[in-house]
Amino acid sequence: MNERRIRNQKGAAVTGLVIALFMFIMLAGFFAFDSSRLQMAQRELTATCDAASLAGTAMLTSLDIANDDATASKLGTAQAQACAYARNMFQNGNMLGRSLGSANVVSPYSAVSTIGSPGDCNVMISLADPQQQFAGVAPVYPDRLNGRAIMCYAGYTYNPVFLGVIGVGKVLLQANSGGGLPQVDAVLVFDYSGSMDDATSVTFIRRTWDSTGPAPVGGSGSNGQLDNSVLTTPNAVADGSSGALPGANHGVVHYIEVPPPGSSHRLSDYLQHDYVASPNGVQLNVLPPQSLPVSDNIYSMAANKYVFDANLRVNSLPYFVPRTGAPAAKFGKEYGTPPGNCTLAYPFGYGKFYNEALGLPMDFTAGVNVNAAYNPNTATVIFLQEHPKTAATGAIRYPAYVNTGADQHVYTDLVVNIANPGSWPYAQPLNGPTNFVGFSNFQFPSQEPDAALAGQTFSFENIGVLTEAARGNLDLNTYFNDALLDRGSVYTTTSPAVVSKQNTSMTVAHCAPNYQKAYQRLAMLYSQPIATAIDGAYGGFFQKINTLTDCRFGFVGFSNSSQSLASPSGPNFTSQGSAHQLSPDQPNSFFVSSQYSGRTIGTRFHSTNFPGPEYTMAISGGAGTGFRQPRRALAKPESQNTSYTGVVGGLQSSTLNAFCAPWSAIASTPAANGLENGTPLSNTATAEALTTARAMFHNGASYDIATLSNNRPAAKHAIVFFTDGVPDSSDAGPTLTQAQGCKGEGIAVFTIGLDVTNNPVLQGSQVTFLGNLPSGLAGASGNGGKFFPCASASTVRDSFSAVARRLTQGQR
Amino acid sequence: MAAEYVATMYVLFLFIFFPVLNLGTCGLRAFFLWFACNQATMLAAKAKTFNTLVYVPEPSGTPYPGAYATARARAAQIRSMFPGVDWTTNATNPEVRIIRAVIPGSGAPAVADVIGPATLGLGNIPDVDQYVCTIRVTINGQVTPLIPVPWFNIQGLSSPMFLTVSSEAQFENPPGLQF
């Protein structure tokens, strides 16, 4: 019995052993299962946080924060949208096969670590300051200015599948992630070649003295002065007492629109520029400094060239008349002067004129033809031979209001077809109307950076007002009266239809301080594509990089500077002077200086024999003479704010200087080496420019990527190369060599090619030169460089933003 | 029966329970060792430099100590979280290695790995069109069983098990490898 019982119990221990072993292995398996699942859940939560924070930070870099207001409301909106994007990204994630779409968005941070029901997820998206160990930032001004990173905090309540059996309850998993503060050290290479204002809508105007009336306005200062063209006796004394037609009191200023060859008023279309032969574009500038004689050039395919008439522009001959004597004060300036063919007696007009009625040249005072005010008789007056002039009929012409044949293309003024730019911030691209349309009572917005213009109201009713505003004759009553505008004035438009001799309605009441400045400010906004390019670089690149990264900037403006010509291999780190492109066959032609603010107005209008400051003055803070091509070296030691304002400070009211000088070309403040200080001029000398940009990364104590102490090793090094053309033929190879050199130095070259002329030849050339293949600058540089083509001005800012995005996102 | 149970328990605990417990513990700790290595690699791959401390922004912003220090610090941090996981720390353990793998078809020559704390050196910026730059962290460590058994020496069963674990990830800022 006992034996049987014992026999029956044999194997029970083994059974127990097997059961125990089974239980043990099962428990071990459960533990392994749950711990693995826990680990997987933790990783998924971390990955989801990573994705959300990176997406949010990337979105922050993608949104427009340009031209923000005083309370950084655009930044606030962008931050809110970026946070929302991060939250959406998080809620699109998955945890253990379940969607996180129902994740609770919580605040404050402590709520994240609340344990809820199994599967509950709490998430908090916040702004963080990478400069303060990613401390949280409240989304209010001014705190939000430091919110440069998006943080994602998440808590997930995990419920073990099996470990609950042994008392392991719900487990809280936590994860967080934040987009880091990228470091960016970038040099912008910006094209200021002549083509950068070729797409501007302009009007060529012949401002002339019209002896055919109407009669001057009564009460004007010169009322009663005879128009000498009505003299009947050659060389008669112009006092109205002898040889004058009785009762003839004629003559007012007449503005005649010089029509374009076609319907387009673009500068390049006016001149019918040959882009195939001259892809660098038109050398003529739409804003001072203007080398107006270069409108007559070999690349203009207009049947009748557009010819600037310096003699007609002003009522003086500053480069031949000695600067002595009573009339001297009139010489050399264009303020307060009637047209060159004004036939009123001294002090309103001077010397020789042409009597159309008689068909004879006449003098105010016999034998004093050196004081000739206007006489294009190149055959007899040798002093005037220097300025070639096409004459339709005969050697002597008096193109007062003639608007036929070759003479119709004689002009004195080139003005931009400005318009009301709308409210602040001005939305580029701003394209002026094809035909100038007068507008009244435009009030500059209060946010206008130029304090002299902010809130001020101006009217530009017709091309007469526009012309005089551009000349500065509406700034002071004395200018207005000295130009004989108080006698009244008329204008004639030829496109779209001829409207002859309309009254400009300009009176001395029109005058107001800063009228010229107002015109020039508006003209800057309507100069294309440079205005759009500057706006794009400013808003799409500099502002964004400055707001969202720890950065330093360098800047290289280029066209074809005198220094780059002298030292074509570069580098030239400081602002450069560029010759004003008056060719040797135009030795005595005029250019219109930009320089009048704070300067003697007598130097406003220049010949190359009496060169103006742009021609002779050394570039302040730079090298050479001429028109400014701004540059500013990359510098590690300076603060981010100094670096930033040095490049774009001229566009900001805090450092604004002489906005009235277009593009602040001759400004002498530290802010004069920035983006808005260049003048569209000359060629596209890319090799020297890229050499200089690259050398800014090898610039000793300022910045040197070859040393640790002068470098910022965590920074992305980049050159952003913007051009609207292609290089001078000899430049392509050396430029590519520079880009190839960047490859081994970790410098990415981002290229932006703009073509507003819809020129497939140019676009193809840009793809080759700037493109992503090893033969293009972006491809040759490697390191993530990329080419961004822009087929229209409207995409310029997008391209700059895309570059900024590539430089700012993807870092933790 | 009692004798049988004793024998059974003896077998159960001596030959099954404790060995399995020790082996299981070693397995779990081996995972922690790998986890330390993996986490060190992940964090190191996101570093801005390889072995240079930088502050963003300078001079007193957030410190970024470089991949080498980051990897070693992170590994040590995880080691401290889990008992029984250990390694002898020296300049090359954990080893942080820069690997530049040739991209097939690029025609680039093979180059030697660089072992931290050495860096690629100034001016030696890897060409990312030719090489994939990765960080590999290798730890020669040991994991100890839960119950040491002094009488015999079988790694993982009665005495610490020596393991070499490694993990690799692509470095996110290749130019930083020169610093």
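The values are calculated or read from the model by the stated rules, or taken from the named source; none is laboratory data. All values derive from a computational prediction rather than experimental measurement. Heads up, the Cβs are rebuilt from the backbone with ideal geometry, glycines too, and the neighbour counts pull from every protein chain shown. All accessible areas refer to the heavy atoms of the entire protein, side chains included, with ligands and DNA or RNA removed. Shrake-Rupley method; radii C 1.70, N 1.55, O 1.52, S 1.80 Å.
Within segment B:118-141, the set of residues being open to solvent by 60 Å² or more (accessible area, probe 1.4 Å) and more than 12 Å from chain A (Cβ to nearest Cβ) comprises B:Arg136, B:Asn140. In segment A:718-732, the count of residues that are within 14 Å of chain B (Cβ to nearest Cβ), farther than 17 Å from A:Phe788 by Cα and either surrounded by 24 or more Cβ atoms within 10 Å (Cβ to Cβ) or free of Cβ contacts under 8 Å to residues at least 40 places away in the same chain (or both) is zero.
Given the residues A:Ala70, A:Ala80, A:Ala20, A:Ala52, which is the only one that is away from every other protein chain (no Cβ under 14 Å) and surrounded by 16 or more Cβ atoms within 10 Å (Cβ to Cβ)?
Working: A:Ala70 fails: surrounded by 16 or more Cβ atoms within 10 Å (Cβ to Cβ); A:Ala80 fails: surrounded by 16 or more Cβ atoms within 10 Å (Cβ to Cβ); A:Ala20 fails: away from every other protein chain (no Cβ under 14 Å).
Only one candidate passes the filter, namely A:Ala52.
Looking across segment A:740-754, the residues that are in a loop (DSSP other than H, G, I, E, B) and open to solvent by 10 Å² or more (accessible area, probe 1.4 Å) come down to A:Gly744, A:Glu745.
For A:Val592, the requirement of being modelled with pLDDT of 80 or more and of a type in the set (A, V, I, L, M) is not met. I'm checking my understanding of the structure. Among residues of segment B:143-173 that are touching a residue at least 24 places away in the same chain (Cβ under 8 Å) and open to solvent by 50 Å² or more (accessible area, probe 1.4 Å), which one is nearest to A:Gly782 (Cα to Cα)? Here the answer is B:Glu172. All of (1) buried (at least 23 other Cβ atoms within 10 Å of the Cβ); (2) hydrophobic (A, V, I, L, M, F, W, C); (3) farther than 25 Å from A:Ala695 by Cα hold for A:Ala509 with one exception: (1).
Of the residues A:Pro322, A:Pro261, A:Pro327, A:Pro347, the single one that is outside the structural domain of A:Asn677 (by TED's automatic domain parsing) and either assigned to a strand (DSSP E or B) or modelled with pLDDT of 70 or more (or both) is A:Pro261. Within segment A:481-505, being crowded, with 24+ Cβ neighbours inside 10 Å and touching an Asp or Glu at 6+ places or on another chain (Cβ under 9 Å) holds for A:Ala483, A:Leu485, A:Ser489, A:Tyr491, A:Thr504. B:Gly107 falls short on exactly one of the conditions (1) under 30 Å from A:Ala47 (Cβ atoms); (2) without any contact (Cβ under 8 Å) to a residue 60 or more places away in the chain, and that condition is (1). In segment B:65-76, is there at least one residue being outside any helix (DSSP H, G or I), within 10 Å of chain A (Cβ to nearest Cβ) and under 30 Å from A:Ala715 (Cα atoms)? Yes, that holds for at least one residue. For segment A:416-435, a residue qualifies if it is open to solvent by less than 50 Å² (accessible area, probe 1.4 Å), among the aliphatic types (A, V, I, L, M) and either touching a Gly at 6+ places or on another chain (Cβ under 7 Å) or over 23 Å from A:Glu468 (Cα atoms) (or both), and the qualifying residues are A:Val416, A:Ile418, A:Ala419.
The single condition among (1) modelled with pLDDT of 90 or more; (2) within 22 Å of A:Ala780 (Cβ to Cβ); (3) assigned to a loop (DSSP other than H, G, I, E, B) that B:Asp129 does not meet is (1). Within segment A:85-105, the set of residues being open to solvent by less than 30 Å² (accessible area, probe 1.4 Å) and either at pLDDT below 90 or assigned to a loop (DSSP other than H, G, I, E, B) (or both) comprises A:Gly93, A:Met95, A:Leu100, A:Ala103.
For segment A:151-164, taking the residues that are at pLDDT 85 or above and not hydroxyl-bearing (Ser, Thr, Tyr), the one that is farthest from A:Asn104 (Cα to Cα) is identified as A:Met151.
Look through segment A:775-811, keep the residues that are open to solvent by less than 10 Å² (accessible area, probe 1.4 Å) and not in a helix (DSSP H, G or I), and return whichever of them is farthest from B:Tyr131 (Cα to Cα). By that ranking, first place goes to A:Cys790.
Scan segment A:260-287 for residues that are buried (at least 19 other Cβ atoms within 10 Å of the Cβ), touching a residue at least 60 places away in the same chain (Cβ under 8 Å) and closer than 16 Å to A:Thr203 by Cβ and jot them down. Walk me through it before giving the result.
If we filter segment A:260-287 for residues that are buried (at least 19 other Cβ atoms within 10 Å of the Cβ), which is where we start, we get A:260, A:265-271, A:273, A:275, A:279-287.
Filter once more, keeping what is touching a residue at least 60 places away in the same chain (Cβ under 8 Å): A:260, A:265-268, A:270, A:273, A:275, A:279-287.
Residues satisfying the conditions are A:Pro260, A:His265, A:Arg266, A:Leu267, A:Ser268, A:Tyr270, A:Val282, A:Leu284, A:Asn285, A:Val286, A:Leu287.
Exactly one residue out of A:Thr57, A:Thr71, A:Thr48 is modelled with pLDDT of 90 or more and either in a helix (DSSP H, G or I) or assigned by TED's automatic domain parsing to the domain that holds A:Val140 (or both), and it is A:Thr48.
Name the residue that is nearest to the other protein chains (Cβ to nearest Cβ), counting only residues in segment B:1-54 that are in a helix (DSSP H, G or I) and β-branched (Val, Ile, Thr). Among them, the one singled out is B:Thr8.
If we keep just the residues of segment A:787-802 that are of a type outside the set (S, T, N, Q) and either in contact with a Lys or Arg (Cβ under 7 Å, 6 or more places away or on another chain) or closer than 18 Å to A:Thr686 by Cβ (or both), which is nearest to the other protein chains (Cβ to nearest Cβ)? Here the answer is A:Phe787. In the condition set (1) without any contact (Cβ under 8 Å) to a residue 40 or more places away in the chain; (2) not in a strand (DSSP E or B), A:Asn122 is compliant with all but (2).
Restricting attention to segment A:165-173, does a residue exist that is under 30 Å from B:Glu172 (Cα atoms) and surrounded by fewer than 24 Cβ atoms within 10 Å (Cβ to Cβ)? Yes, the conditions are met somewhere in segment A:165-173. As for segment B:82-101, it holds no residue that is more than 13 Å from chain A (Cβ to nearest Cβ), assigned to a helix (DSSP H, G or I) and among the charged types (D, E, K, R). Taking the criterion of being closer than 15 Å to A:Ala149 by Cβ, crowded, with 21+ Cβ neighbours inside 10 Å and in contact with a helix residue (DSSP H, G or I) (Cβ under 6 Å, 6 or more places away or on another chain), the only residue of segment B:48-64 that qualifies is B:Lys48.
Would it be correct to say that A:Ile25 is part of a helix (DSSP H, G or I), within 30 Å of B:Asn22 (Cα to Cα) and either at pLDDT below 80 or not assigned by TED's automatic domain parsing to the domain that holds A:Leu172 (or both)? Yes: the conditions hold for A:Ile25. The lone criterion from (1) open to solvent by 10 Å² or more (accessible area, probe 1.4 Å); (2) modelled with pLDDT under 90; (3) closer than 30 Å to A:Leu60 by Cβ left unmet by A:Thr757 is number (3).
Restricting attention to segment A:730-754, the residues being within 27 Å of the chain's Cα centre (by Cα) and among the acidic types (Asp, Glu) number 1.
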